[in-house]
Structures are given as structure tokens and as C-alpha cells.
Amino acid sequence: MSKVRIGMIGTGGIAGWHARQLSELPEAAIVAIADTSKKSRATFLGKFEGLEAEEYDDYRTMLDRSELDAVVICSPHTLHYEQATEALRRGLHVLIEKPMTCSSAEAETLIDTAKSSGKILQVSYQRHFQPEFLYIKDAIAGGKIGKLTSVTASLYQEWRQGTSGSWRQDPALSGGGFLMDSGSHIIDVLLWTTGLTPIEAKTQLHRHGTPVEIDTFTSIRFAEGAVGGLNLVGYAPCWHETYAFCGEDGGIFYDNGRITIRRLREEPIVPELPSQTTNQDKSFVDAILGRQDVAVSGEFAYKVVKFSEMVYEAAGYSPNGDPRTAEGERA
């Protein structure tokens, strides 16, 4: 193919990021967009001068009428499964925003559909392409801090304040709250960089008067022997992202983009990192063109979905609008 012809499903905020990255690729072209909101489509097109794309208010109509090779799905979470399934069944490659699906059962079925179609299913976890996290993953795998003994991952964000009244606080569309949204990225890093296998979780949860969970604090036991903590705070005054990876021979500490290596009674080391060379959209197009393997597979994203379920279950909480709440959980 001379260009990979791409359709956008959903034209909200994150779609603009994908479109910007795709516009930098001579091998790709956005040829169609679909969104139920005419205003959203107009706003999206207004950001990219010269972009000529067919417009649809129903993604199925776009799939039926437009000549496409692939789609990028940027819609509310609970719509991902159906939209990705429809695209794969029509023989299209799929790049899907996080979370891949809102249940492990859907994730398994979607993976099977992708295999049957012979098309690419990639999930848009952008930290897989950022030098900081690539360094952490390689350092752990290379034994730089020895066998992992513990890991703590934390994200603080003004999410409750910024999403009030939006689909992100509507369980029917979001499939959950802060954990299912921004928290999915943190779970991704926790599992991807370490390769650890969670087998037990204990969770405290707080909704802060909203229909979805906002804050979750989870202790984790891993099959490999390490223990961990996942702290997702959606009622905070700012964005703050930290990780601490402790091993038998040292530790790696990440604080808002800065990495420090620490060893007992030694001076801290700040590693020099290379520049970023790719991103989720470029790697997707490269995979379609046979230049590389799929960077973030459905099989890996399944692990994120499965662990997200484990956290909710540990709290006795249903993120999909079930009125039951956890014992001791505060609305």
C-alpha cells in the first residue's frame, strides 16, 4: 500500500494527539472520522489545516463506506470492545486507546477476533515508547538492581475536579473511575517494566461522592516473591507520578520523569537517556507495514484489564453501576 488509510473513531481530546503524530508520517493518512458529536468533529478538523477527511456520525457507516486499512479508536471505554470487534471483522488493523476493554472476558474474545482476522490489534500505552520507562524495564531485566523485592507505583491527579459532568464519571461509558482511566497507564508500567505476576490484592477505595471510584490504595503480592503497592489518587491538586523499584542490590526511583539509581551507602546515579525515537502511532503504522512487531499486544493489555478487575474485586466494588459498595467503602 502507498499509504495506510486510517479512520478515527472518536474525535475527542486524545484523538488530536494521535492525529498530530500520524500527520508526521508520510506513510499514513487520516481519510475518515466518526463521532456522534458534530461539534467534536468540527473542533477536531479545525486543529489540522488541510486535513480532508470524510465525516460520519456513526462509526459503522464509516466502516461500510470508507476505504480504510486501519482505525484508531478514541471513544469512551465501554465502547472499545464493540468498535474494535466490528473493525477487525471488516479486515482492518486496530489501534485502541486504553483500557483495551472493560472486562477480561471481552479482552479474551477481542484477542481471539484479532487472531481470526489476521489483523493487528495494538493498545495505546504510550509509556512503552518513552526512554525513562524503557530504561527502567531494561535495567530490571538486566539485573541492575538484582531480584525485585518490592515495587510501589503512585499517581496523583486532579481527575475528580476535571472530569465532573463528563462521560468519564458515567459508569455506563467509563466502565470505572480513575483506576480504569489514568490509572490504567500506571498499572501498565507496574506490570510491563517488572514482568511480575500479581496473585493477591487488598484494596481500600473512596468515591468522594461521585458515581465512580476516585482513590484506591492497593497492596499486592506477586508470584515471584515481591510485594507491591498501587496508589491511585484522583482527588489531588496536581499531577504527580512516582515509582520505586527496590531489589536485592539497589533501587530505581522515578519522580515525574527524573530517574535516580540508588545503592546502599553509595552516591545516587542519574542515568543519561537517549531521545525518544517512536510513539504509539508510528509503531502501529510500522507494524502494519511489516517493519516491526506489535509493540503493545492485546495479550499484554489483557494482563492490565485482569489486574484492574482484581483490584475492584478486592474492594468488593462493581465499577459498572452496581449499587453495591465495598464493606467500609466511603461514597
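The numbers here are math on the coordinates, done by the rules we state, and not lab data. Model, not experiment: these values are computed from the prediction. FYI the Cβ positions are ideal-geometry reconstructions off the backbone, even for glycines, and counts take in every protein chain you see.
How would segment 108-249 be classified by its alpha-carbon gyration tensor: rounded, prolate or oblate, with rounded meaning a/c under 1.5 and the a/b versus b/c comparison settling the rest? Please report the intermediate quantities before stating the final value.
Numbers: a/c = 1.81, a/b = 1.22, b/c = 1.48.
Oblate, since a/c reaches 1.5 and b/c is not below a/b.
Give me the count of lysine pairs in segment 12-138 whose alpha carbons sit under 28 angstrom apart, restricted to pairs 8 or more positions apart or on different chains.
10
Among the aspartates and glutamates, which have Cα under 13 Å from the Cα of residue 144 when same-chain residues fewer than 8 positions away are ignored?
Output for residue 144: 248, 249.
Answer rounded, prolate or oblate for segment 61-156, using the Cα gyration tensor with square roots of eigenvalues a ≥ b ≥ c: rounded when a/c is under 1.5, else prolate when a/b is larger than b/c, else oblate. Provide the component values of the computation, followed by the final result.
Values: a/c = 2.46, a/b = 2.30, b/c = 1.07.
Prolate shape, in that a/c is at least 1.5 and a/b is the bigger ratio.
Please enumerate, by chain and number, the aspartates and glutamates with C-alpha under 13 Å from the C-alpha of residue 306, excluding those fewer than 8 residues away in the same chain.
106, 108, 188, 200
Once you list every other residue whose beta carbon is under 12 Å from the beta carbon of residue 34, what net charge do they have if Lys and Arg are +1 and Asp and Glu are -1? Write down the numbers at each step before the final one.
Numbers: positive: 38, 41, 60, 65; negative: 35, 54, 55, 57, 58, 64, 86.
Summing Lys and Arg as +1 and Asp and Glu as -1 gives -3.
If you take the charge dipole of the chain about its Cα centre, with +1 on Lys and Arg Cβ and -1 on Asp and Glu Cβ, which of 247, 21, 232 is farthest toward its positive end?
With unit charges placed on the Cβ atoms, the residue in question is 247.
Given charges of +1 on the Cβ of Lys and Arg and -1 on the Cβ of Asp and Glu, with all other atoms neutral, how large is the dipole of the chain about its Cα centre, in debye to the nearest 20? Before the final figure, lay out the partial values.
Details: 33 positive and 44 negative charges, 48 e Å.
Dipole magnitude for the chain comes out near 240 debye.
Quick one: work out the % antiparallel among DSSP beta bridges in the chain, nearest 5. Write down the numbers at each step before the final one.
Working: 36 of 64 bridges.
Taking every DSSP beta bridge within the chain, about 55 percent pair in antiparallel fashion.
How do 246, 102 line up, fewest other C-beta atoms within 10 Å first? Each step should come with its number before you reach the end.
Values: 246 19, 102 25.
Starting with the residue having the fewest Cβ neighbours, the order is 246, 102.
Only loop residues by DSSP count here, and only those with at most 12 other Cβ atoms within 10 Å; note down the GluC sites (Glu not before Pro) in segment 1-108 that meet that.
Numbers: sites: 24, 27, 49, 52, 54, 55, 67, 82, 86, 97, 106, 108; in loops: 24, 27, 49, 52, 67, 97.
Within segment 1-108, the qualifying GluC sites (Glu not before Pro) (loop, at most 12 other Cβ atoms within 10 Å) are 24, 49, 52, 67.
How would you rank 193, 61, 210, going from fewest to most other Cβ atoms within 10 Å of each one's own Cβ?
Numbers: 193 26, 61 13, 210 20.
Neighbour counts put them in this order, fewest first: 61, 210, 193.
Shape call for segment 1-70 from the C-alpha gyration tensor, a ≥ b ≥ c root eigenvalues: rounded (a/c under 1.5), prolate (a/b greater than b/c) or oblate?
Numbers: a/c = 1.93, a/b = 1.12, b/c = 1.72.
Here segment 1-70 falls in the oblate category.
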